[in-house]
Amino acid sequence: MKMFDLVADVEQYPHFLPLCQALTVRSRKERDGHTILVADMTVGYKAILETFTSQVYLKPDEATIEVKYLDGPFRYMNNIWRFTPDEGGGSLVNFFIDYEFKSRILGAVMGSMFDRAFRMFAEAFEKRADEIYGKTGSAKSVG
């Protein structure tokens, strides 16, 4: 599934994803047809830069990507991607994220900006899919 592959290619995020300044994959392991990545993502807004570490579990047979937060400025972060084929030839993408900053001050400064950024993520991935696959391979966000 094209959209699964696009989202799974985390090393490309700094090239098109809003606020993503850098992304480094620390480790990559293959197990039972699944890939487990540990990655550091640096996000920035104005003078604020924050880096967090996540475990990314790529499950192509289930068309699912699960992200487990490991370390950084959040108290917790849960993130799941689910991909289903669309009748029009593209993909329906369900993106769920729930998070809370450890610091109330950081949450106050960056919270509303992160909320807007996560909404822009769907548009950024749709635009990236259009650039790579053309309009027929595009995605529709559903959540």
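The values are calculated or read from the model by the stated rules, or taken from the named source; none is laboratory data. All values reported here derive from a predicted model rather than from experimental measurement. Quick reminder, even Gly has a Cβ in these numbers, built from the backbone with ideal geometry, and neighbours come from all protein chains shown. Side chains included, ligands, DNA and RNA excluded: accessible areas come from the protein's heavy atoms. Shrake-Rupley method; radii C 1.70, N 1.55, O 1.52, S 1.80 Å.
Data overview
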| item | result |
| --- | --- |
| Every residue from segment 86-112 that is at pLDDT below 85, open to solvent by less than 40 Å² (accessible area, probe 1.4 Å) and under 24 Å from Thr42 (Cβ atoms) | Leu106, Gly107, Met110, Gly111 |
| Ile80 being under 19 Å from Met120 (Cβ atoms), at pLDDT 95 or above and either touching a His at 6+ places or on another chain (Cβ under 8 Å) or open to solvent by less than 40 Å² (accessible area, probe 1.4 Å) (or both) | no |
| In segment 37-62, the residues that are under 21 Å from Lys2 (Cα atoms) and surrounded by 16 or more Cβ atoms within 10 Å (Cβ to Cβ) | Leu37, Val56, Tyr57, Leu58, Lys59 |
| Positions within segment 11-31 being closer than 19 Å to Thr53 by Cβ and either in a loop (DSSP other than H, G, I, E, B) or over 16 Å from the mean Cα position of the chain (by Cα) (or both), in sequence order | Leu17, Leu19, Arg26, Ser27, Arg28, Lys29 |
| Counted residues, segment 113-122 - those being open to solvent by 70 Å² or more (accessible area, probe 1.4 Å) and either touching a residue at least 12 places away in the same chain (Cβ under 8 Å) or in contact with a Gly (Cβ under 6 Å, 6 or more places away or on another chain) (or both) | 1 |
| Conditions (1) touching a helix residue (DSSP H, G or I) at 6+ places or on another chain (Cβ under 6 Å); (2) open to solvent by less than 40 Å² (accessible area, probe 1.4 Å): number failed by Tyr69 | (1) |
